[in-house]
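Only one structure is covered here, and it is reproduced in the block below.
The values are calculated or read from the model by the stated rules, or taken from the named source; none is laboratory data. On a predicted model such as this, the values are computed, not experimentally measured, just so you know. Here the Cβ is made from the backbone with ideal geometry for all residues, glycine too, and neighbour counts use every protein chain on show. What goes into the accessible areas is simple: the full protein's heavy atoms, side chains included, and nothing from ligands, DNA or RNA. Shrake-Rupley method; radii C 1.70, N 1.55, O 1.52, S 1.80 Å.
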Amino acid sequence: MAEHYYTVSWDQLHRDAKALAWRLNALAPFQGIVAITRGGLIPAAIVARELECRLVETVSIVTYDEEERGQPRVTKPPAAAGDGTDFLIIDDLVDTGSTARVVRNLLPRAHFATVYAKPLGKTLVDTFITEVSQDTWILFPWDTEPQFVAPIVKTPRPVG
């Protein structure tokens, strides 16, 4: 279980993805973008818009079955990207690097960028915006919904 949680709103995600596009603009133009599904789809759309990149491909990697983590498995390769030359790979987060390693092997010549990065995976990407600790679970806006939260004084205090 994660020790820390970092909630990302739609506005924050948009700002961070746009900041990523600003950094990547110095390396443009790219022939296309490969979005790692599913988390990379929305950041990839924002970056594609900002860099005016019209070719957006996807690669689908499955690492979870329900809540159990397994070996990464490619369920849809990025056929249009070749070896990654002049392509940009976009994902929301690099965590342990298991997905990143698989995609790097598929597209060794691509530039790999993520919005968020954790220490165990950050060396596998070329560009990222925000680093979070390894024990932080990022709550993305597509995984959450607004709801009532009790005031702190009405919340049970942790023991210890």
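The protection proxy used here, the mean number of other Cβ atoms lying within 10 Å of each residue, ranks peptides 13-21, 37-45 as follows, highest first: 37-45, 13-21.
If Lys and Arg each add +1 and Asp and Glu each add -1, what is the summed charge of the other residues whose beta carbon sits under 15 Å from the beta carbon of Q31?
On the way: positive: R54, R109; negative: E52, E57, D83, D86.
Local net charge: -2.
Both radii were evaluated on the Cα set of region 1-146; the Rg over Rh quotient, with Rh as the Kirkwood radius, amounts to 0.94. Between region 1-72 and region 126-145, the C-alpha centres lie 11 angstrom from each other.
Going by a ≥ b ≥ c, the root eigenvalues of the Cα gyration tensor, does region 1-87 fall in the rounded group (a/c under 1.5), the prolate group (a/b larger than b/c) or the oblate group? Because a/c hits 1.5 or more and a/b fails to exceed b/c, region 1-87 counts as oblate. When each of the peptides 144-152, 131-139 is scored by the mean number of other C-beta atoms lying within 10 Å of its residues, the order from highest to lowest reads 131-139, 144-152. Between Q31 and T144, the C-beta separation translates, for a Förster distance of 35 Å, into a calculated FRET efficiency of about 0.50. Excluding ligands, DNA and RNA, the accessible surface per residue across the chain is 62 Å² with a 1.4 Å probe.
The 3J(HN,Hα) values that the Karplus relation (6.51, -1.76, 1.60; θ = phi - 60°) gives for region 123-130 are, in residue order, 6, 8, 10, 8, 9, 8, 9, 10 Hz. Gly and Pro appear as x.
Once neighbouring chains are kept in place and the probe is 1.4 Å, which whole percent of the accessible area of the chain is contributed by carbon and sulfur?
Taking all protein chains in place, the chain shows 53 percent carbon and sulfur surface.
What you get for the chain, charging only the Cβ of Lys and Arg (+1) and of Asp and Glu (-1), is a dipole of about 180 debye around the Cα centre.
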